[in-house]
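Below is one structure, written out as structure tokens; comments come after it.
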Amino acid sequence: MTATATAEGLGTRIEEALRLRFAEQTAAAERYGTEFVALWKYAAEHALGGKLVRPRLLLDLLGALAPSTLSDEEARRAIGVAVDVEMLHFAFLLHDDVIDGDLIRRRRPNLIGSLVARHAAEPEEPILHWARSSAILLGDLLLASATLGFARADASPDTRERLLSLLEQTIFETVAGEHSDIALSDGVIAPDLRTILDTSAYKTATYSFVLPLRAAAVLAGASPAAETSLTEIGRHLGLAYQLQDDLLSVFGDPSEHGKDAFSDLREGKETAIIAYARMTGHWPSIELRFGTADLSAADASDMRDRLTECGAERFVRGLVEEQLRAASAVLAEAEAAGNLSAAAGRTILTLAARIEGRNG
């Protein structure tokens, strides 16, 4: 398989493997009743058709790290691990939607919303409880499936052990980040900037960037030094990505990013934007309406203007640039030390450029 063919067919092969995984689970569910079958069918609908950012990143970097072009068999093995990474991502999304009480994701009903609509014209408490419980249970199954996938990876015992250790650390840190995020939202811990940045790094960077980057290194047989560098790079890129996400949620164009234009302001989400605003004289006027569920579009727009005026938008954009520069600096050191190849460096720089220029 040539590098070009690999790049062109990458998304299709991942999508096919993911579709097969859900088809197998749906077929297995048939002996347990129609509702369980429907749960897996809805899950497949929501999991398929996405950007597949994490599995693509894993395979892109693996292709750059491998000493030679991946054979079809090597690509097949790697795609299996990449699909498990995507299953883990979907599991976290399901649990996150339950925690946040969301019925919508990307301007359409999420899994919970779809299950509710299957049984009720309007959300009713028993149906909501059932749908949210279904999401929790399915998320648990997907977590187990991802873990078993890593454990059964077609690789040497040492590689499997490294993959499992990576997965264990990833799940632990992601849960720690989610736990801290909820504590911030509920006022259990103080919303200072350092805590918010650490929470974002654990909640988003660990599984969205560090996991696929390090998994690629493990599958390529890269050195521990390469893994260490990729961990640092992944944390910087992941934090930049989350900070960009926060900026888009408040200052971005919802027609491009597909999110509720002011959901973070309505929910009272503690982000780096808000942490900075708290330290300015504008905060008393912002605080009056921050976290108001029925926040009007006009009031939200005014709040957004105040966040710009107080310097919060500029400050967080500066943080994004700072994280991207830090990732580039670590990459340059790793290349100079011979821990990462020039090809791997180009893959990472391409990713950094996507983060810097993203609008959705």
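FYI, it's all coordinate maths here, none of it is from the lab. Keep in mind it's a predicted model, so treat the numbers as computed, not measured. A quick note on method: Cβ atoms are made from the backbone with ideal geometry, for glycine too, and the neighbour counts reach across all protein chains shown.
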In the stretch 325-353, which residues are more than 21 Å from ALA215 (Cα to Cα) and within 19 Å of the chain's Cα centre (by Cα)? ALA353
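Let's see how each residue does on (1) in contact with a Gly (Cβ under 7 Å, 6 or more places away or on another chain); (2) surrounded by 17 or more Cβ atoms within 10 Å (Cβ to Cβ); (3) of a type outside the set (Asp, Glu):
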| residue | (1), (2), (3) |
| --- | --- |
| GLU321 | no, no, no |
| LEU331 | yes, yes, yes |
| ALA336 | no, no, yes |
| ALA344 | no, yes, yes |
| THR350 | no, no, yes |
| ASN359 | yes, no, yes |
Check whether at least one residue in the stretch 289-308 is within 24 Å of ILE355 (Cα to Cα) and in contact with a His (Cβ under 9 Å, 6 or more places away or on another chain), and report yes or no. yes
Can you work out which of the residues in the stretch 124-140 that are surrounded by 14 or more Cβ atoms within 10 Å (Cβ to Cβ) and free of Cβ contacts under 8 Å to residues at least 40 places away in the same chain is farthest from the chain's Cα centre (by Cα)? ILE127
For the stretch 23-46, what are the residues that are assigned to a helix (DSSP H, G or I) and either surrounded by fewer than 12 Cβ atoms within 10 Å (Cβ to Cβ) or charged (D, E, K, R) (or both)? GLU24, ALA27, GLU30, ARG31, TYR32, THR34, GLU35, LYS41, GLU45
